[in-house]
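The values are calculated or read from the model by the stated rules, or taken from the named source; none is laboratory data. Every value quoted in this text rests on a predicted model; they were computed, and no experiment measured them. Note: ideal-geometry Cβ built from the backbone for every residue, glycine included; neighbour counts use all protein chains shown.
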Amino acid sequence: MLTSMGETDPEILINVDNVSKCYHLYHRPQDRLWQSFFRGRKKFHREFWALLNISLQVRRHEAVAIIGRNGAGKSTLLQIIAGTLAPTSGKIAVQGRVAALLQLGSGFNPEFTGRENVFLNGAILGFSRAEISCRFEAITAFAEIGNFIDQPVKTYSSGMIMRLAFAVSTCLEPEVLIIDEALAVGDAAFQFKCRDRLQGLITQGTTLLLVSHDMSAVKSFCHRAVYIEDGQKKAEGEPEHISERYFMDVRARQMSRVQQEKKGRDTIVCEKSHGYGTSEGEIESAVFVATRGSAALFNYGDTIELKVTCQFASHIEFPCLSVVLQATNLVGIGGRWFRINPLSSEFDAAAITLKIKFPAKFNDGKYFITLRLEDRKDQKQYFILHKIPGALTFDILPRTNNDLLGFNDIKLTCEQ
Ligand SMILES: Nc1ncnc2c1ncn2[C@@H]1O[C@H](COP(=O)(O)OP(=O)(O)OP(=O)(O)O)[C@@H](O)[C@H]1O
């Protein structure tokens, strides 16, 4: 936890200006020693830029998510903003009372009891002993760690540390809250409590910077998302759009891996672990039927056929599957929703397979198919049970004598 002042616009609480972070990687432990002997005269290390020229501003009352795959540099950026790691270059200005929930237990002294750590953290945040005492009961009630509050933190389980850390950071009502993946920790009931608390803080106007792989959290809590890849900012904008773009990239990588691994097979498969949603229904798998060898390649005019298997975990009143075709820039080309026939009983857990067919009448290029399992009353009223952005991708092969412009044939005519 820290407080530091920036000299800029008082409405910008976090200002990251062109920040880079370089780590020195040594092949052997002794190289580190050699490096200190030789100072800068000889190089015994390789440079690795975990962050490169990142700029980011977070305004008062804004909730911003940082997303990206493992190793992208998200935690490094958060640590630099929180002041626990120094950047190699660039400037950081953070204003207001900041609470940072970074790596597990990073703000706690393991030798101190939970109670002592609460007071220590509160003091670092700038609260007086009397102010912390006022909030102490709320903190312990939220953490639900019982008598362990008077035991040294080194005796806590990782879940208990996380509970207490989350309780301290949020009950002390910081102006800026920085959270690295805390929502993924703890049992379902505690996660629910954390989400509820976070939503409350955001509603009250707490400025939030959140790193998460949980796109439903990103979309429900944040006003803006920043997508980082290989230490650089790849995209920034509306969470729905940015998280979808991220998913598309993940899918594209998975697909190329699957294509390499499944040489000679004639289907391309997407599995249920991809995507997000509630646990009431799931798209188990989606496969192309009859692709060309290992790749989903089609000629203009071919019939594209896919089989989508889904399953429900509870009774859904209006089960539907939506199929949306998108270009690589995520522009929707077309799609529709299909009612899934009434399940055979009030609640039937059997898997249901739907066959979707459409003519490949698109210009050459790559396309995505996004699938959504929904509880849909009508065109406007629906609730997403499971969504897999870019569940399947395919390519339309180039052809000769092609006079089409844009994605598809809108049957333009011309008279002279
Ligand atoms: N102390 C260090 N020394 C060398 N390399 C490091 C160090 N800390 C992090 N890295 C590297 O920097 C890169 C960014 O790491 P970082 O932890 O910021 O990624 P991340 O996006 O938070 O990943 P994850 O989603 O897995 O938490 C990674 O390649 C990591 O291996």
(message) Return the pair list, or none, for Cβ contacts closer than 6 Å from residues in region 215-234 that are closer than 29 Å to Phe48 by Cβ and hydroxyl-bearing (Ser, Thr, Tyr) to residues that are assigned to a strand (DSSP E or B) and away from the ligand (no atom under 12 Å from the Cβ), at least 6 apart or on different chains.
(response) Tyr227/Lys234; Tyr227/Ala235
(request) Please determine, by comparing only the residues of region 203-220 that are in contact with a helix residue (DSSP H, G or I) (Cβ under 6 Å, 6 or more places away or on another chain) and in a helix (DSSP H, G or I), which one is surrounded by the fewest Cβ atoms within 10 Å (Cβ to Cβ). (result) Lys219
(message) Based on this model, can you work out whether Ala167 counts as assigned to a helix (DSSP H, G or I), within 16 Å of the ligand (Cβ to nearest atom) and out of contact with any strand residue (DSSP E or B) (no Cβ under 6 Å at 6 or more places or on another chain)?
(response) no
(request) Scan region 118-152 for residues that are among the charged types (D, E, K, R) and over 34 Å from the mean Cα position of the chain (by Cα) and report the count. (result) 3
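Table: residues versus (1) of a type in the set (Asp, Glu); (2) touching a residue at least 60 places away in the same chain (Cβ under 8 Å).
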residue	(1), (2)
Leu77	no, yes
Ala82	no, yes
Gly90	no, yes
Leu101	no, yes
Glu111	yes, no
Arg115	no, no
Leu125	no, yes
Phe136	no, no
Thr140	no, no
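Return the total of residues in region 19-32 being of a type outside the set (D, E, K, R) and either more than 16 Å from the ligand (Cβ to nearest atom) or touching a residue at least 60 places away in the same chain (Cβ under 8 Å) (or both).
Qualifying residue count, region 19-32: 4.
When you go through Tyr382, Tyr367 one by one, which is the residue that is hydroxyl-bearing (Ser, Thr, Tyr) and closer than 17 Å to Asn299 by Cα?
Result of the check over Tyr382, Tyr367: Tyr367.
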(message) at pLDDT below 90, at positive phi and exposed (fewer than 15 other Cβ atoms within 10 Å of the Cβ): which single residue out of Gly126, Gly186 fits that description?
(response) Gly126
(message) Whether any residue in region 398-407 is surrounded by 12 or more Cβ atoms within 10 Å (Cβ to Cβ), more than 19 Å from Glu280 (Cβ to Cβ) and modelled with pLDDT of 85 or more is what I want to check.
(response) yes
(message) I want to confirm something. Restricting to region 306-330 and keeping residues that are under 18 Å from Lys387 (Cβ atoms) and part of a loop (DSSP other than H, G, I, E, B), which single residue is modelled with the lowest pLDDT?
(response) Leu330
